[in-house]
1. So if I check each of VAL156, VAL148, VAL178, which one is modelled with pLDDT of 85 or more and among the β-branched types (Val, Ile, Thr)?
2. Is it the case that some residue within the range 329-337 is surrounded by 21 or more Cβ atoms within 10 Å (Cβ to Cβ) and either within 14 Å of the chain's Cα centre (by Cα) or among the β-branched types (Val, Ile, Thr) (or both)?
3. Go through the range 319-343 and give me each residue that's among the hydroxyl-bearing types (Ser, Thr, Tyr), modelled with pLDDT of 90 or more and over 14 Å from TRP211 (Cβ atoms).
4. Have a look at ASP44, ASP59, ASP51 and point out the one that is at pLDDT 65 or above, touching a strand residue (DSSP E or B) at 6+ places or on another chain (Cβ under 8 Å), surrounded by fewer than 15 Cβ atoms within 10 Å (Cβ to Cβ) and not in a strand (DSSP E or B).
5. Taking strands (runs of 3 or more DSSP E) that do not extend beyond the range 75-156, which have at least 2 residues that are surrounded by fewer than 17 Cβ atoms within 10 Å (Cβ to Cβ) and either touching a Leu at 6+ places or on another chain (Cβ under 7 Å) or touching a residue at least 12 places away in the same chain (Cβ under 8 Å) (or both)?
6. Mind listing just one residue for me: the one in the range 344-396 that is more than 20 Å from PHE287 (Cα to Cα) and among the charged types (D, E, K, R) and, of those, modelled with the highest pLDDT?
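The values are calculated or read from the model by the stated rules, or taken from the named source; none is laboratory data. These figures come from a predicted structure and were not determined experimentally. In this analysis, Cβ positions are derived from the backbone assuming ideal geometry, glycine residues included, and neighbour counts consider all displayed protein chains. Just so you know, the surface numbers come from the protein's heavy atoms only, side chains and all, with ligands and any DNA or RNA stripped out. Shrake-Rupley method; radii C 1.70, N 1.55, O 1.52, S 1.80 Å.
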Amino acid sequence: MLKNKLLLWSPIITLAVGLLFSLASLPSIHPVPRELPIALVNEDEGAVLPDKSNINMGDQVTAMSKKAFSQKEGQQPVKWVKLNEKSKAMKGMNEREYYGALILPKDFSKNLVSLQTASPSSPKLQILVNQGMNSSASAMASQLLNGVVDQINGKVREQIISGLKQKKDPLSIDTVSVLATPIKKETMNVNAFGTHSANGNSPVSLFQPLWMGSLVGAVLLFVVMKKTVFISRKEKFQFITKQFLVGIFLAALSGWGITWFADGILELDIPSKMDTAIFLSMAYLSFLLMMLAVVSWIGMKGFPLFALLLFFGAPLLSMAPEIMPEFYQNWIYPWLPMRYMTDGLRHLFFFGNGLSWDQSVQVLCGIGITSLVLLLLSALIQNEKQKIPADAEEKVSVS
């Protein structure tokens, strides 16, 4: 009878499993940028035309750039942030505010005007790509910025040709040579992730072993607690304290072990092994306490929740929020605790500032402290199967 029921349910089970896997991979299918923040820096000082009038082509190019992308579903692929200094753009990229920048230099108008003279000098636009922020999003930013410059080149070429036709002057060899690409572009990677970084995904590659290690550690500590009979709340508090101390030991072991493995076996670029090991230990302890806190309130059925969190959350960690589907961007990604681990590792690996009291460390510490408080509060809740008699506590206190 049981076999027949399983046979009847097998198509539904198969369909459900297939749907589950499809939902997990959905965010990474056809990612589309939505309001990707990119700095637009106009340092152009303008130029004086032969008729003594002033012109600032930087302002015109800025306007062209903002109109370069068509709006889809009420959102632009790029969110331009207008700045007036390159140093501000660099500061913003170091603080992980922009995925890239388009820089118009001071002599942009002057060189652009010279293209219609006998001694042309090609103007240059600089494209900065904040590579360490996210490999996929930075690649999209590079593609979008190069597309913008290509569009600007096409319009400038038309203007130059139109101006030369009106002047009816013969073209010099130098002028002809610059007409193909009037504006030169120079691309530079900022906060580059290097060659030994799993193509920029080394922070994500370290997440799964640490998360699974936290899960295994939490299961072992919880099983030991379930097999222990407490005759007083004091004993349960003491046991939770021991759990915490064991958790610190496991965290240090995992943090240093994963760091050693990543550096010695995987040969990933790790600027500071000490900072990385401390941060991973902190993340392990936070996740371990979070898991113990949840299962201390709802029991063993809480562990599958963390397995599902790994299954659905891991694909999002390698993506920038701006290229996720809107549902995942607004309702799933902000609630993933593991994203603060990968963000913190990006900060350590690619931005070279060392371990600091940044948002990732603050949130992980907050998760750990809150979980520890909930874990201690669970000791006050008496389980019916292990109810602590009131007279037992009195006997313990008297003795």
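1. None of the other options fit; the residue is VAL148.
2. no
3. Within the range 319-343, just TYR333 meets the criteria.
4. Exactly one residue qualifies, and that residue is ASP59.
5. Strands (runs of 3 or more DSSP E) meeting the threshold: 78-83.
6. LYS387
Here is a yes/no grid of residues against (1) assigned to a helix (DSSP H, G or I); (2) free of Cβ contacts under 8 Å to residues at least 24 places away in the same chain; (3) open to solvent by less than 70 Å² (accessible area, probe 1.4 Å); (4) closer than 25 Å to TRP357 by Cα:
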site: VAL216; (1), (2), (3), (4): yes, yes, no, no
site: ILE240; (1), (2), (3), (4): yes, no, yes, no
site: LEU245; (1), (2), (3), (4): yes, yes, no, yes
site: ILE258; (1), (2), (3), (4): yes, no, yes, yes
